[in-house]
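Here the structure is laid out as C-alpha cells; the discussion comes afterwards.
The numbers here are math on the coordinates, done by the rules we state, and not lab data. Keep in mind that what you see is a predicted model, and the values were worked out from it rather than measured. Cβ atoms come from the backbone with ideal geometry, glycine included; neighbour counts cover every protein chain shown.
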Amino acid sequence: MTEPLPTTDLKQLSEDALSALQVLDTSDPGAVEKWRVEFLGRNGRLTTVLRGLGALPAEQRREAGAAANSLKEQLEQRLEEKRTQTLAAQAARAESLDISLPGRRMRRGRLHPSTQIIREICSAFNEMGFQTVEGPEVEWERYNFDLLNIPRDHPARDKWDTIWIEQPESRRPPDGQRILLRTHTSPMQGRVMERQQPPVRVIVPGKCYRFEATDATHEWQFHQVEGLVVDEGVTFADLKGTLYEFARRIFGANRRVRFRCDFFPFVEPGVDMSIDCFGCDGKGCRICKNSGWIEIMGAGMVHPKVLAAVGYDTARYTGFAFGMGPERIAMLRYGIEDIRHFFSNDLRFLSQF
Ligand code: PHE
C-alpha cells in the first residue's frame with residue numbers, strides 16, 4: 001500500500017474547498033452548511049487527512065500537521081466571512097424596495113361638515129355687511145340668561161336645559177353668579193353690546209351645549225349661528241329682508257320664506273322662519289314632512305329690556321336678532337337622518353362631505 005502524500009492532498013483539498021466556497025450561494029444558509037460539512041465536518045475531508053497523520057513518519061507528520069492545521073484555520077475564517085456576507089445579503093433583501101408594488105393612496109383631510117356649513121352661512125352674512133365675532137363656551141348665567149330677559153327662577157329657563165359648572169363655595173362671586181356651558185349663542189348679544197355703541201351688525205358662530213337625552217334630532221352638543229343688528233330706525237322689514245336674502249343665498253334663488261309668531265324672552269315680537277321646501281318646492285315630501293315648509297331659525301326684534309340692560313337708549317335704537325342650527329341646516333340640505341353623526345367621528349360619514 002502506497003503512503004498518501006499529505007501535502008499534495010492538502011493542496012488539492014484547499015483548492016477544492018476554496019473554489020467551492022467561491023461559487024457558494026451565500027444567501028442560502030443550507031448551501032453554506034453543506035460546504036462546511038463536506039470540508040470541515042466530523043467526517044469531512046480535512047478531518048480525514050488529520051486522522052491519517054498518525055501513520056506518517058515523525059518528521060513528515062510535524063510538517064503535514066502544521067500545514068493541515070493552518071488550512072483548517074484558513075477555511076474556518078473564510079467560512080465565517082461567507083456567513084457574514086449571507087447575513088448582510090438577507091438584511092439587504094428585507095429592507096429592499098419593491099418598486100413594482102402599487103403606491104399607497106394619500107388620504108386628504110377636509111373640513112368637518114359643521115365647519116363647512118358654518119363658514120358658508122357666515123360668508124353669506126359677511127357679504128351683507130355683518131362682522132363675525134366669537135365668544136366663550138363656558139359662560140356666566142348673566143349673559144346666557146339674565147341680560148336676555150330670562151331672570152333666575154323664571155320658568156322660561158326650562159326651555160334651555162342647562163349644563164351647570166360646579167363652583168366651590170369659596171370661589172362663588174358675591175353676586176351669586178353661576179357658571180354654565182352656554183345653551184345658545186345669544187349670550188354674545190350682551191357681550192357685544194356692552195363693549196360698543198350702535199351700529200351693531202354681527203354674526204356669531206359657536207358651539208353650544210344642552211343637558212339633553214340624545215336622539216336622531218337632539219344632541220347635547222351642537223353649533224348655532226347668531227345674528228344681531230342694532231341701529232337707529234331698524235324695523236321688522238329689515239329683519240325680513242335680510243333673512244329672505246340669506247335664505248335665497250343658501251337654499252337657492254327661488255326660495256320663499258314664511259314668518260310665524262314664536263316666543264323667546266329676548267325678542268318682541270318673536271318669530272320662527274321657514275323656507276318653502278327645496279325637496280318638493282312646497283308640494284309636500286319626506287323632507288318637509290308633507291307640510292311644504294321647513295323651519296330653519298328663530299328670530300325677532302330685540303326686546304327693549306335687552307337693549308336697556310346694556311345701557312342702550314331704547315328711544316333711539318331698535319334691532320333684530322336671529323339664531324339657527326347649522327347641523328340642522330346641513331341635515332336638511334344633504335338628507336342626513338341623524339344629528340349624532342356630526343359628533344361621532346366616523347370617517348365613513350365625515351368623508352362624504
Ligand atoms: N337663542 C335662541 C335659541 O337657542 C334662538 C334665537 C336667537 C331666537 C335670536 C331669537 C333670536 O333657541
- Of the trypsin sites (Lys or Arg not before Pro) in the range 17-59, those whose Cβ has at most 15 other Cβ within 10 Å and which sit in DSSP loop: 42
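What order do you get for 121, 165, 287, 203 when you list them from fewest to most C-beta neighbours inside 10 Å?
With the fewest neighbours first, 121, 165, 287, 203 line up as 165, 287, 121, 203.
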- For the chain: lysine pairs under 17 Å (alpha-carbon distance), excluding those fewer than 8 apart on one chain: 4
- In the range 231-296, which trypsin sites (Lys or Arg not before Pro) are in a loop and have at most 10 other Cβ atoms within 10 Å, using DSSP for the loop call? 286
- Which order results if 327, 95 are arranged by neighbouring Cβ count within 10 Å, fewest first? 95, 327
- Message: Apply the Karplus curve 6.51 cos²θ - 1.76 cosθ + 1.60, θ = phi - 60°, to the phi angles in the range 16-29 and return the couplings in whole Hz, x for Gly and Pro.
- Response: 4, 5, 5, 6, 5, 5, 4, 8, 5, 7, 5, 7, 10, x
- Note on the structure: Inter-part gap, Cα centre of the range 239-271 to Cα centre of the range 54-106, in whole angstrom, is 86 Å
- Please work through the chain and write down the cysteines that have no neighbouring cysteine Cβ at a distance under 4.7 Å. 122, 208, 261
- Over the range 28-77, relative contact order from alpha-carbon pairs under 8 Å, at least 6 apart, %: 26 percent
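In nm², what is the average projected area of the convex hull enclosing the Cα atoms of the range 1-100?
Approximately 7.4 nm², given one-decimal rounding.
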- If you average over every viewing direction, what projected area does the convex hull of the Cα atoms of the range 113-350 give, in nm²? 13.9 nm²
- In whole angstrom, the spacing between the Cα centers of the range 272-287 and the range 181-199 equals 32 Å
- Note on the structure: Using alpha carbon centers only, the range 130-145 is separated from the range 162-180 by a whole-angstrom value of 17 Å
- Message: Against the empirical 2.2 N^0.38 Å scaling, what ratio does the C-alpha Rg of the range 59-151 come to?
- Response: 3.23
- Query: In a solvent-free Debye calculation with one equal scatterer on each Cα, what is log10 I(q)/I(0) for the range 113-181 at q = 0.26 Å⁻¹, listed in the order of the q values?
  - Reply: -1.12
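Identify the chymotrypsin sites (Phe, Trp or Tyr not before Pro) of the range 190-234 meeting these criteria: DSSP loop state and at most 16 other C-beta atoms within 10 Å of the C-beta.
211, 220
Could you tell me the relative contact order of the chain? Use alpha-carbon pairs under 8 Å, at least six residues apart, and round to a whole percent.
14 percent
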- Task: Among 13, 66, 27, flag the residue with its Cα farthest along the positive direction of the charge dipole of the range 7-95, charges on Cβ as +1 for Lys/Arg and -1 for Asp/Glu.
- Result: 66
